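Right, one structure below, let's go through it.
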Amino acid sequence: MDGLGQAREVSLRIIDNVKRVIVGKNEAIELGVIALMCRGHALIEDVPGVGKTMLARSLARSIGCSFKRIQFTPDLLPTDVTGVSIYNQKNGEFEFRPGPVISQIVLADEINRATPKTQSALLECMEERQITADGVTHIMPRPFMVLATQNPIEYEGTFPLPEAQLDRFLLRITLGYPTPQEEIVIMENQQMTHPIETLKSVATEEDVIRVQDQIRAIYIDNLIKQYIVALTEASRKHPDVALGGSPRTSLGLFRACQALALIRGRDYVVPEDIKELAEPIMAHRIIVSPGTRMRGVDSQKVAAEVLESVPVPGARPRGWLRG
């Protein structure tokens, strides 16, 4: 089995393992694994009780990496996340006590319940894979991934994430309510014990790092690259958008479609990969104008319109860009 074949086998193994805990949410599980494969971070957004935290815990348990959970609250301080220097009276020097963010898999639970100042403590570590405390830089371990959960911003006691932080999440995952049959399965699975308690690791940190390196070999044609850039450009020109996708959006879509192609058993990217991932990667980065929001139009709908309006290579355009 070649390198790409081994990488795919590891990825499918992780996906199947998480499915033992998360029932009926195959797309959400795939997105979480794609974020891991791309060295990205995932924002899990939905109403309470649908399995946001459990998805993050299941993914962390499946890959045998160090795991820390941070419960974000309004009184949480930035140093509670990154760490703090404490004076040691024995040696007369300050010693750095690392915070929970210095771990391989970090669960930032209910991230939008903390103040913007505390939320911003994650900015450097998410992008540069390091934190700076008292002028000293501390490198994050590999692999490193932030899985943040948040409740919808309409809920009381929440602080919307700033645009700069939203842009650092590779993709956004929504779970939704299970079907009645799936809910029965969930109850049956937890009758005696929760499946997360018996979940075993199916991959090592070395496996994950190899997968992250291997997906970069997936071929992407120039037409596909032009299609990605056209989607991002269209999000900036949409009449209902105040802030469209950044170049980080194009790069994220570029990398994520390589991971999806690997999961699908291909060593090349096709337009369907882009169409499948465009909304999870673009929607949370699109900021709609205030007037648009008052009409009930959200960023997901705008992302869907952008996807419909930009032609795939060899097709004709449709939608609001048609001239």
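Nothing in this text is a laboratory measurement; each read-out follows from the coordinates by a stated rule. Note that the coordinates shown come from a computational prediction; the quantities given were computed from them, not determined experimentally. Every residue, glycine among them, receives a Cβ derived from its backbone with ideal geometry; neighbour counts consider all protein chains shown.
Summary of computed values
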{"item": "Extension gain, M187 back to S66 (0.36 nm per residue minus Cα-Cα distance, nm)", "result": "40.6 nm"}
{"item": "Average Cα contact separation per residue, the chain, under 8 Å, 6 or more apart, as relative contact order %", "result": "21 percent"}
{"item": "Ellipticity estimate at 222 nm from DSSP helix runs (n ≥ 4, -39,500 (n - 2.57)) divided over the chain, nearest 500", "result": "-12500 deg cm²/dmol"}
{"item": "Extension gain, E27 back to R210 (0.36 nm per residue minus Cα-Cα distance, nm)", "result": "63.6 nm"}
{"item": "In nm, spacing of pseudo-spin labels at D75 and A217 (7 Å Cα→C-beta vector)", "result": "5.3 nm"}
{"item": "Relative packing of 66-74, 198-206, which averages over residues the other C-beta atoms within 10 Å, highest first", "result": "66-74, 198-206"}
{"item": "FRET efficiency, 1/(1 + (r/R0)^6) with R0 25 Å, evaluated for E128 and I287 via beta carbons", "result": "0.55"}
{"item": "DSSP beta bridges in the stretch 89-193 [antiparallel fraction, %, rounded to 5]", "result": "50 percent"}
{"item": "Calculated FRET value between D16 and K117, using beta carbons and R₀ = 56 Å, to 0.05", "result": "0.90"}
